[in-house]
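Following: one structure in structure tokens, then a few remarks.
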Amino acid sequence: MQRQALITGASRGIGRATAVKLAAAGHRVLLNYRTRDDLAMEVAERIKEQGGQAELLPFDVAEYKQAATVVKQYIKTHGAIDIVVNNAGITKDQLFGAMKYEDWDRVIRVALDGFYSVTKPCIHGMLKQNWGRIVNVASMAALFGNAGQVNYSAAKAGLIGATRALSRELCKRGILVNAVAPGFIDTDILAALKVPHEDLEKLIPMGRLGLPAEVAKVIAFLVSEDTSYLTGQVIGVNGGML
Ligand SMILES: NC(=O)c1ccc[n+]([C@@H]2O[C@H](COP(=O)([O-])OP(=O)(O)OC[C@H]3O[C@@H](n4cnc5c(N)ncnc54)[C@H](OP(=O)(O)O)[C@@H]3O)[C@@H](O)[C@H]2O)c1
């Protein structure tokens, strides 16, 4: 059955791979992003070339009014959004003693205000049809805690708490809420870590970085029809690290 799926942060990395995968599964995908119109247009073109349906929905997930307004307007004109993948995320790494408030605030807001602003307007339509899927992209950092990433680890741990609580609120209505916790995945975000890939690979039992498509496959399963008894879970996609 074709569903409408909103993927935040779909211009690059894991979000892009997820959008391509969900479009290939037959869903109409809504590509959210903040700055990279050029890349988002490329993703939409690729999906359309492969016979899929894609629409651009740019907004800043951290800006409540902007994000909620765009999502509500979309639902009003196009009907319920059945699948939400809260994938947009950023890092602003620094040891905590030197961390600026702005860098604490921004990382938390992209993860948690983003979750609130995008997910909440979609709930009503999901409740009306007794079907919905929400996947939050957390991180191994939430479970492990990374030095230099107190803001990011806290933001992602918050997202896991929200996942578990919301799953309990909605599970009797056919709406399943889960999280994935990727390890080291080969995307632009890793560049900000400033650690050579070879050093990261030594930490991973499988001996290599993950690919965005490998996370996308797990997300695609979590939003499918096949997960009727799976909710409130955090699925690690990390090459065996945890
Ligand atoms: N890669 C990893 O190793 C790894 C590990 C664990 C968890 N994760 C999580 O996985 C998710 C995706 O990461 P990635 O590695 O694919 O990152 P990425 O390649 O840096 O892509 C980030 C995406 O998020 C979008 N974005 C950032 N801030 C936004 C905002 N305020 N509003 C809307 N969109 C925004 C970007 O859009 P624009 O560029 O167009 O602005 C981009 O599409 C993140 O939540 C990240 O924390 C990644």
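The values are calculated or read from the model by the stated rules, or taken from the named source; none is laboratory data. No experiment lies behind these values; they were computed from the predicted model shown. Here the Cβ positions follow ideal geometry from the backbone for every residue, glycine too, while neighbour counts run over all protein chains shown. The accessibility values were calculated without ligands, DNA or RNA, using every heavy atom of the protein model including side chains. Shrake-Rupley method; radii C 1.70, N 1.55, O 1.52, S 1.80 Å.
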Extension gain Gln53-Phe221, at 0.36 nm per residue separation less the Cα-Cα distance, in nm?
58.5 nm
Would you give the gap between the C-alpha center of the stretch 81-103 and the C-alpha center of the stretch 5-26, rounded to a whole Å?
20
List the lysines whose Cα sits under 21 Å from the Cα of Lys21, skipping any in the same chain fewer than 8 residues away.
Lys48, Lys217
Summing -39500 (n - 2.57) over every DSSP H run of at least 4 residues in the chain and dividing by its residue count gives a helix-only mean residue ellipticity at 222 nm, to the nearest 500 deg cm²/dmol, of -14000 deg cm²/dmol
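Accessible area, 1.4 Å probe, largest first: how do Val180, Val20 sort?
Val20, Val180
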Within the accessible area of the chain (1.4 Å probe), percent carbon and sulfur:
54
Need one number: nm distance between label points at Gln66 and Lys172, each 7 Å from Cα along Cα→Cβ, rounded to one decimal.
3.9
Amide H contacts under 5 Å for Ile185, restricted to residues at least 5 apart in sequence or on another chain and with H modeled in the peptide plane, are Gly210
Can you list the aspartates and glutamates whose alpha carbon sits under 20 Å from that of Lys92, skipping same-chain ones fewer than 8 residues off?
Asp60, Glu63, Glu102, Asp103, Asp105, Asp113, Asp186, Asp188
What FRET efficiency, computed as 1/(1 + (r/R0)^6) with R0 = 22 Å and r the Cβ-Cβ distance, is obtained for Lys100 and Leu193, rounded to the nearest 0.05?
0.75
When the chain is treated as a Gaussian network with springs between alpha carbons less than 10 Å apart, the largest mean-square fluctuation among Thr77, Thr91, Thr69 is found at Thr77
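Would you mind working out the accessible area per residue for the chain, using a 1.4 Å probe, and quoting it in Å²?
Per-residue value: 48 Å².
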For the chain, the fraction of alpha-carbon pairs in successive 10 Å shells from zero, as %
8, 33, 39, 17, 3, 0
Give me a comma-separated list of calculated 3J(HN,Hα) values for the stretch 107-112, in order, Karplus coefficients 6.51, -1.76, 1.60 applied at θ = phi - 60°, integers in Hz, x for any Gly or Pro.
5, 5, 5, 4, 6, 8
Please compute the modelled spin-label separation between Arg164 and Glu201, points set 7 Å along Cα→Cβ, answer in nm with one decimal.
3.6
Relative contact order (%) - criterion: Cα under 8 Å, at least six apart; region: the chain
20
